[in-house]
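What follows draws every value from the coordinates through simple rules; no lab data is involved. All of these numbers come straight from a predicted model, not from anything done at the bench. So basically every Cβ, Gly included, is an ideal-geometry build from the backbone, and we count neighbours across all protein chains shown.
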Amino acid sequence: MKEWLEAMRLRTLPVSVAGVAAGTGCAVYHHGFSLIPMLICLTFAVVAQIVSNFANEYYDFKNGLDRKGREGFRRGVTEGDISPEAMRNATFGLLAADIALGCSLIWWGGWWLIPVGMAIAVFAIAYSAGPYPLSHHGLGDIAVVIFFGLVPVIFTEYVQTGVFHISSTTLCSAFGVGLLAANVLIVNNYRDCDDDAGVGKRTTVVVFGRKAMSRVYLIDGVAACILFSMAGTHAPQWTAAGWLAIVAWHLLLRQKLVALQGAELNRVLKFTSILLCVASLYLLLMLSLWPEGSFE
């Protein structure tokens, strides 16, 4: 069981929670909330991320991109804790179950949600597999902004309200979540840069270098907090203190990012993921307490 929990990469799963939390905040802000589709979105998002993590471990092993004793998360397949066949079966079994769960959202969102679900399923696998794996060609960061920011925020709100609110609140929330989610990937790739470069895996950190991507990490976090503050336009000015506290936390993590190396960076990764979740929950609180039209 321990090896499967490690393969799930529990420390990064708050990333999936964040998108649904922010999307729910947007739904409440626009005077709509529905518990059941929100819970379905939450479960769907977390399972989709686990599927992507499993696929990443299986296909990186299959393509010879992992080695024993690497600095990052323990790779159960590479280390011999989990058989490749078991990981493959778990990946596609969970994917099938998640697709079935996602189909239940048709009740609230309509049949056209099917292509959206298909795109998410393809991303979960294509991140690491296929003829052009996204994570191997410097496209992982962009994909994360889309599938952990824009997609979950916009569609979590939609299935609860039944309306697409392509407003500044929704877009600022979605891009804010996406940027902080990309920071989780940056830390992961920052830690694995030497290993990835050695096997020809061209992440953005391999392509642009650690120094440049540490600056991107800094900019992403500050920009995300600005976007979040812009999303809650009806919140009192004193709530900005919360965003400043989150920025201060982010600056501390950035300092740790450039100062630490190897397995020491796993704690930075964990707390970058937690920071995203905390920021999204704070956004949910702001949007819920001061919804659209609060002062009209």
Inset, instruction - Would you be so kind as to identify which of 122, 15, 46 lies farthest towards the positive end of the dipole of the chain, taking Lys and Arg as +1 and Asp and Glu as -1 on Cβ and the Cα centre as origin? - result: 15
Legend entry - Among 57, 85, 157: highest mean-square fluctuation, GNM of the chain, C-alpha pairs under 10 Å: 85
Inset, instruction - Using 0.36 nm per residue of separation minus the Cα-Cα distance, give me the extension gain between residue 264 and residue 10 in nm, one decimal. - result: 89.7 nm
Inset, instruction - Using the Cα centre as the reference, give the magnitude of the dipole from point charges on the C-beta atoms of the chain (Lys, Arg: +1; Asp, Glu: -1; all else neutral), rounded to the nearest 20 debye. - result: 640
Legend entry - Sparse-neighbourhood loop sites, trypsin sites (Lys or Arg not before Pro) in region 6-105 - DSSP loop, at most 16 other Cβ within 10 angstrom: 67, 68, 74
Legend entry - Difference of contour (0.36 nm per residue) and Cα-Cα distance, residue 166 to residue 92: 23.3 nm
Inset, instruction - Determine one quarter of the surface area of the Cα convex hull of the chain, which equals its mean projected area, and express it in nm² to one decimal. - result: 14.5
Inset, instruction - Calculate the dipole size of region 120-202 relative to its Cα centre from +1 charges on Lys and Arg beta carbons and -1 charges on Asp and Glu beta carbons; express the result in debye to the nearest 20. - result: 120
Inset, instruction - Order by neighbour count: 146, 186, 40, fewest other Cβ atoms within 10 Å first, most last. - result: 146, 40, 186
Legend entry - Cα extents of region 112-266 along the three principal axes, largest first (Å): 49, 41, 21
Inset, instruction - Above 26 angstrom, tally the Cα pairs of region 1-120 and express them as a % of all pairs, no decimals. - result: 30
Inset, instruction - Describe numerically, in nm with one decimal, the distance between label points set 7 Å from Cα along Cα→Cβ at residue 239 and at residue 62. - result: 4.6
Legend entry - For the chain, the longest site-free run once chymotrypsin sites (Phe, Trp or Tyr not before Pro) in DSSP loop states with at most 11 other Cβ atoms within 10 Å are removed: 165-294
